[in-house]
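Have a look at the structure below, then the notes.
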Amino acid sequence: MTAEAREAGSPQDPAADGERPLDIALLTYKGNPFCGGQGVYVRHLSRELARLGHRVEVIGSQPYPVLDEGADYADRLTLTELPSLDLYRQPDPFRTPGRGEYRDWIDALEVATMWTGGFPEPLTFSLRARRLLRARRGEFDVVHDNQTLGYGLLGDVGAPLVTTIHHPITVDRQLELDAAEGRRRRMSVRRWYAFTRMQKRVARRLPSVLTVSGTSRQEIVDHLGVERDRVHVVHIGADTDLFSPDPSVRRIPGRIVTTSSADVPLKGLVFLVEALAKVRTEHPDAHLVVVGKRPEEGPVAQAMERYGLEGAVDFVKGISDAELVDLVRSAQVACVPSLYEGFSLPAAEAMATGTPLVATTGGAIPEVAGRDGETCLAVPPGDSGALAAGLGRLLGDAELRRRLGVAGRERVLRHFTWAKAAEGTVARYREAMTHTETDRPAHTGAPTADRSAGLVSGGAGAVAEGLARSASDGPATAADGAVRPVSGGPVAAGGRSAALVSGGAGAVADGSVRSASGGPAAAADGLARSASGGPAAAADGSVRSASDGPATAADGLARPESHRPATATDRPAAAAETSESARVAETSESARVAETGEAARVSAAAETGEPVRVTEAAQ
C-alpha cells in the first residue's frame, strides 16, 4: 500500500480503536515460539494486532517465527524471512559455512564473530533489517523491534521505531558469570555476551521503549541507562482461550510441572530438583515433568544423580500447544523456580489453566503471580528448602490447590491477556508516530549525528556511517558529512569510510585508508595492509590490533586498551567497505567484530564471496 493510501485510510474498515489501520513491521531476530519467550511474544502479539484490524508483516531470521492462521485476519498477517547463515542450527551448531553460502560482508562479519567466541545475531540481523526497511521506505507506518537492539536500527529506518525490551540481557550475563567456574569459563561468558555493550548504547538512543513489567522497566533504567520517561509498561499475557481449565483432564497425583532450560542458571531448575528430593521424603509419589531438554551434564544432571531422581524427573520437548496445555492441566502443582524473570509467561499460562502455582519472587514474577497465599504460594529465589515447603504444602492440601487455581485464573483474565497487550501496544505506536522527533533521546558526551556510534570515553572512534568521532577534543563533523580535525591530521570523508582520527590513518572518499606517514593503507579488496604487507583489517571493516588485543568492537568503535588513541604505527588499523553500496539500499552499513583478547583477522572480502579465515591465535 502506498503512503498516500495509508494516510487517506479506509473509512469502511477502521481498526478496533476507531482510527485507520496501521501497517506494522514487526522484527525478531529469533522467532520460533518453541525455543524462547521472544518467539511466543511475536506469535501472539502479531495475531492480536491483526485481529484489531492492523496489517502486520513479521520479519524474522532463523529459527523462523511461527504465526497463527485465522480466517478473520489471514490477509493481514504475513511472514517475511530474512535469512542469516543459521550458524547455531541443529545438528551442527557453530558450523563453518561453505564457500558458496557467503552473500555479502554481513555474512563474513557473522562468521568472524562466531569464530572469536561472540554472538553476532543481534548486530547482523539489524544490518540486514536496515537494508530491507530502507529499500521499502514508505510501506510501513511503524517499525517494532523485538529486542534486537542492533546498530543497524539506529537512525532512519523508514518509519518511527518502537522497541520492546523484555528485560536487560545484562541480567542474564551477570547470573551466568556468577555461576561460571574458572577463569576460562568466565572469559567465555564475557565474550559471548559482548553484544550487550552494543545493546546498552542502542537502548539509550531509542525514542520509545516498551517493556513487559514494572520490574523490567526499573532494570532497563538502571542497567541500560534509558531515561525513565521513554520506557512504557505494556503487560503481556497468556492465550486464555488455549490455556483454560478442562475438568475432563485428570490431575495426576504428585505431578509437578515446570518450563525451564537446564543449561541456563537464571531458570533455577537445579533448586527445584533439590526441592523435589526433599518433597519425596513426605510425598513419595511426587515427580517432576520439565518442558525442556534433558541435560547430559552440568549442575542439574549432577543433582539428579546425587539424589537418585532419574526415575522421578522427566523431560519433554517438541510438544504441540495442545499437548503442553494438557500437560499443565494434568499437574497438581505448577512451579516457576527462576532466579529472575522479566515477566514469566509460564506463570501466567499455568494460572490460566487453573493449575495452582508455586513461584519464586525473582524479578517480575510477583507482578504476574500475585500475592502469596491469595493467587499463588511465593518463595524466595534460590532457596530449595523454601521451594520444598511450598510444594509439599500444596501437594498435601486439596482445598488450597482449588482456591489458588480459581484465583489465579481470575487474575490472568483481569490483567494478562494478549488482546489487552495488543491494545496497549497500538496506543504506543500511535504515540510514537506523533512524537517521533520530540521523543528522540538527548546525547551527552556522545555523537549527535544519526546512525553514528561514538567512543564513550577517550581515544578515537570509527562509526557505522564512516564518520569518526572524538569524545573530547577530537574532530568535528561538517555539514557535508566529512570529519574535520580540530587542528591538522587526517580527515575522514565519504559515506562508508572509517578512520582513526588522532595520529593515525585517515579514510578518504574512495573507501581506502591512508596513513599520514606512509603507513597502512586499505586496498581495493577492503583489507588494510600493514607496513609488512600483512592484513590488519577484515572485510567487515573491523580493526585489529597487532599485539595487545582488539582496537575495535562490534559497535564500530575504535578502542585502544588505554586512553591513548590508536595510531597507524602502533596498531595497524582500519578498513572501509569498497563497493557494497551497489547492492544495498543504504549508503553505508559498517560494523565491527568485538573481541576480548583474540587477535582475529578476516582475510577475504565478503564482496567476492570468498570464505573468511581467522588467525591461528584466534582459533
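The values are calculated or read from the model by the stated rules, or taken from the named source; none is laboratory data. None of these values were measured; they are calculated from a predicted model. Virtual Cβ from ideal backbone geometry, glycine too; neighbours counted across all protein chains shown. In case anyone asks, the SASA skips ligands and DNA or RNA and just uses the protein heavy atoms, side chains included. Shrake-Rupley method; radii C 1.70, N 1.55, O 1.52, S 1.80 Å.
Can you confirm whether His167 is surrounded by fewer than 23 Cβ atoms within 10 Å (Cβ to Cβ) and not charged (D, E, K, R)? So His167 fails the test. Can you spot a residue in the range 139-157 that is closer than 30 Å to Glu341 by Cα, among the polar types (S, T, N, Q) and touching a Gly at 6+ places or on another chain (Cβ under 9 Å)? Scanning the range 139-157, I find at least one residue that is closer than 30 Å to Glu341 by Cα, among the polar types (S, T, N, Q) and touching a Gly at 6+ places or on another chain (Cβ under 9 Å), so the answer is yes. Looking at the range 101-218, the helices (runs of 4 or more DSSP H) lying wholly inside it that each contain 2 or more residues that are in contact with an Asp or Glu (Cβ under 8 Å, 6 or more places away or on another chain) sit at 105-115, 121-135, 183-192, 195-204. Among the conditions (1) out of contact with any helix residue (DSSP H, G or I) (no Cβ under 8 Å at 6 or more places or on another chain); (2) within 21 Å of Pro93 (Cβ to Cβ), Thr113 misses just one, which is (1). Out of everything in the range 411-437 that is surrounded by fewer than 20 Cβ atoms within 10 Å (Cβ to Cβ) and in a loop (DSSP other than H, G, I, E, B), what residue ends up being modelled with the lowest pLDDT? In this case the residue turns out to be Glu437. Only residues that are among the aliphatic types (A, V, I, L, M) and either open to solvent by 60 Å² or more (accessible area, probe 1.4 Å) or not in a helix (DSSP H, G or I) (or both): list them for the range 379-410, please. Of everything in the range 379-410, those that are among the aliphatic types (A, V, I, L, M) and either open to solvent by 60 Å² or more (accessible area, probe 1.4 Å) or not in a helix (DSSP H, G or I) (or both) turn out to be Val379, Ala389, Ala398, Val406. Restricting Pro83, Pro91 to residues that are open to solvent by 20 Å² or more (accessible area, probe 1.4 Å) and touching a Phe, Trp or Tyr at 6+ places or on another chain (Cβ under 9 Å) narrows the list to Pro83. Here Leu22 meets the list (1) open to solvent by 60 Å² or more (accessible area, probe 1.4 Å); (2) within 30 Å of Asp239 (Cα to Cα) almost entirely, failing just condition (1). The set of residues from the range 371-420 being among the hydrophobic types (A, V, I, L, M, F, W, C), more than 30 Å from Leu49 (Cα to Cα) and in contact (Cβ under 8 Å) with a residue 40 or more places away in the chain comprises Leu387, Ala388, Leu391, Leu394, Leu395, Leu400, Leu404.
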